[in-house]
Structure formats: structure tokens, C-alpha cells
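Here the structure comes first, spelled out in C-alpha cells, and everything after it is commentary.
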Amino acid sequence: MMNEIKLKPCVCGGNAVKIKIFSHKRYDCFYRCDKCEWQTKVYVSPQGAKNAWNRRADDEQRAD
Ligand SMILES: [Zn+2]
């Protein structure tokens, strides 16, 4: 069963947009904010990209 990870809103209030790129015969993906355009690194798995996005949201909230 797939474990759905909920995406947190960006620290600027924007939303994460999933971007797929086809490279090396597979799809990589990352998330980008639709407002401030901050983006995660590129990940092989959507899960990894989601985690990276949420980690960043957590970090910035703590720093506030
Ligand atoms: Zn943003």
C-alpha cells in the first residue's frame, strides 16, 4: 500500500507544484513553489522529493 505524504504549504504561502523531467530513460521529479519558485533537488522517487519539500517547510518554520 502506498503511503501518501501530504505536502505542506511553502513558507511563503504558495503551493508545491510537481515537476517531472525525463532523463536517463526514467522520470525524475522535484517540487517547485508556484509563488517564490523555491525548489527541491531532483529526486528519482516522488516520495524523496516530497520529503525534501516537507523537511524544508519544517526547518523554516522552526527558524521563524
Ligand atoms: Zn514559496
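The values are calculated or read from the model by the stated rules, or taken from the named source; none is laboratory data. Not measured: the values here are computed from a predicted model. Cβ atoms come from the backbone with ideal geometry, glycine included; neighbour counts cover every protein chain shown.
So, in region 1-16, of the ones that are more than 10 Å from the ligand (Cβ to nearest atom) and under 17 Å from F30 (Cα atoms), which residue ends up modelled with the lowest pLDDT?
E4
Taking region 12-54, which residues are in a strand (DSSP E or B), small (G, A, S) and under 9 Å from the mean Cα position of the chain (by Cα)? Let's see the steps before the verdict.
At the first step, the residues of region 12-54 found to be in a strand (DSSP E or B) are 16-23, 26-33, 39, 43.
Add one more test, that the residue is small (G, A, S), and what stays is 16, 23.
The answer is A16, and nothing else.
Name the pairs whose Cβ atoms lie under 7 Å apart, with the first residue in region 33-61 and closer than 17 Å to I21 by Cβ and more than 12 Å from the ligand (Cβ to nearest atom), the second among the small types (G, A, S) and modelled with pLDDT of 90 or more, and 6 or more positions between them or separate chains?
Going by the 7 Å Cβ cut-off, the qualifying pairs are K41/A52; Y43/A49; Y43/A52.
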